[in-house]
Amino acid sequence: MSPDGMPPDWTMGGEGLTLARCRACGHVQYVRRPFCPSCGREDPDVDSASGRGTVYAVTVVSRAPSPDLQAHAPYGLALVDAEEGFRFMAHCPPEGIAIGDSVRTTFRAFGAGLVPFVVPESQP
């Protein structure tokens, strides 16, 4: 939970990706804010996202940023363009994901948290 008692930006209590959509202008954002960065209106709608998208960029982390995460290295990170119109970062396999691939989002434990994890759309 975040300090304000809301679920993390990317989940609805671990049930999947979420997005905020402005009721006034329709702007879609991934990072939950109490206002629309496009028009300034407060209180956007929060909706579920499909979790499907296209890989925009991908990299492999060989040297984890902390000793407790080193056990996970090497691990992949991807920037994904969601079909709803926002870009998000997710973990991915260190091999088998390339720019332009269609992916779907699952969630996996990573360190002390739960993170978005993308796999190829064709993978069962």
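Go through the residues of the stretch 88-110 one by one and say whether even a single one is touching a His at 6+ places or on another chain (Cβ under 8 Å), open to solvent by less than 50 Å² (accessible area, probe 1.4 Å) and either in contact (Cβ under 8 Å) with a residue 60 or more places away in the chain or on the phi < 0 side of the Ramachandran plot (or both). Looking through the stretch 88-110, at least one residue is touching a His at 6+ places or on another chain (Cβ under 8 Å), open to solvent by less than 50 Å² (accessible area, probe 1.4 Å) and either in contact (Cβ under 8 Å) with a residue 60 or more places away in the chain or on the phi < 0 side of the Ramachandran plot (or both).
Could you tell me whether the stretch 23-37 includes any residue that is in contact with a strand residue (DSSP E or B) (Cβ under 9 Å, 6 or more places away or on another chain), among the charged types (D, E, K, R) and within 25 Å of Asp101 (Cβ to Cβ)? No: the stretch 23-37 contains no residue that is in contact with a strand residue (DSSP E or B) (Cβ under 9 Å, 6 or more places away or on another chain), among the charged types (D, E, K, R) and within 25 Å of Asp101 (Cβ to Cβ). Considering (1) touching a Ser or Thr at 6+ places or on another chain (Cβ under 9 Å); (2) closer than 23 Å to Arg32 by Cβ; (3) not small (Gly, Ala, Ser), the lone condition that Pro74 does not fulfil carries the number (2).
The values are calculated or read from the model by the stated rules, or taken from the named source; none is laboratory data. Keep in mind that what you see is a predicted model, and the values were worked out from it rather than measured. Virtual Cβ from ideal backbone geometry, glycine too; neighbours counted across all protein chains shown. Surface areas here come from the heavy atoms of the whole protein model, side chains and all, with no ligands, DNA or RNA. Shrake-Rupley method; radii C 1.70, N 1.55, O 1.52, S 1.80 Å.
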